[in-house]
Amino acid sequence: KNKPGIKTDKLTRLLNDKKWIVLILLLVLVFGYYTMYRNCWNMSKDSNLYYVYLRSLFFDGDLHFTNDYMRMGGPVYSMNHQTGYWLNPFAVGCSILWSPLFLTGHLYAKCFGFPADGYSEFPYGISINLAGLLLAWIGLVLLVPTLQKFFEDKIAILTALIVWFGTPLPFYTNQQPNLDTSLSFFAGSSFLYF
């Protein structure tokens, strides 16, 4: 809202109009979904090591990754011969953040006759990729009010847009949403916001 007697430039008025910000964020989400869907199950070795916790705990009820590693192209790390467990130096956080959409994908697989094994591209691949995309988008949305606590609205919104368009975040969010980059951005934005 403009104060009486104070002129504002067009950019300030545009950035203060929340409809444009919502439109920009929705376009980021739609573009991200399209590019992510084309590369749905492009799981790298790192992605597999993040994902194996979720798949093994949900389907097998354990953290023995033998069957998971064999199905995903073989073990990447060696076995701890004292415990009999395959080593996995990657954190479980991605699996925790992916789990709501993973469960939605599993329910979809059961209802519509897709393989309900945790390995299929659709719906499991799409669900964890969509989780990465949505969480990055939520992180971007949370960044704006966090910055507005310290800076003018115009600066806060421009900074959020610069973070999005001026860093590798769009690439990792749209091309590799099954890595930890989008989730780390979401976690950092959430931490600062709350």
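The values are calculated or read from the model by the stated rules, or taken from the named source; none is laboratory data. Keep in mind that what you see is a predicted model, and the values were worked out from it rather than measured. Every residue, glycine among them, receives a Cβ derived from its backbone with ideal geometry; neighbour counts consider all protein chains shown. Just the protein is used for accessible areas: all its heavy atoms, side chains included, with ligands, DNA and RNA removed. Shrake-Rupley method; radii C 1.70, N 1.55, O 1.52, S 1.80 Å.
As a rough guide to protection, the peptides 44-50, 76-82, 188-194 ranked by mean Cβ packing within 10 Å, highest first, stand as 44-50, 188-194, 76-82. Electrostatic tally near residue 77: other residues with Cβ closer than 15 Å to its Cβ, Lys and Arg +1, Asp and Glu -1, net -1.
Modelled this way, with points 7 Å down the Cα-to-C-beta line, the labels at residue 163 and residue 193 are 1.0 nm from one another.
Here the accessible area is traced with a 1.4 Å probe on the protein chains. For segment 70-194, carbon and sulfur cover 69 percent of it. Residues in segment 130-142 carry Karplus couplings, in order, of 5, 4, x, 5, 5, 5, 5, 5, 5, x, 5, 5, 6 Hz; the curve used is 6.51 cos²θ - 1.76 cosθ + 1.60 with θ = phi - 60°, and Gly or Pro positions show x.
Using the Cβ atoms and a cut-off under 15 Å, what net charge is assigned to the surroundings of residue 116, where Lys and Arg are +1 and Asp and Glu are -1? Please list the in-between numbers first.
Details: positive: 55, 71, 110; negative: 60, 117, 121.
Residues close to residue 116 contribute a combined charge of 0.
Counting only protein heavy atoms and a 1.4 Å probe, segment 84-178 has 47 square angstrom of accessible area per residue.
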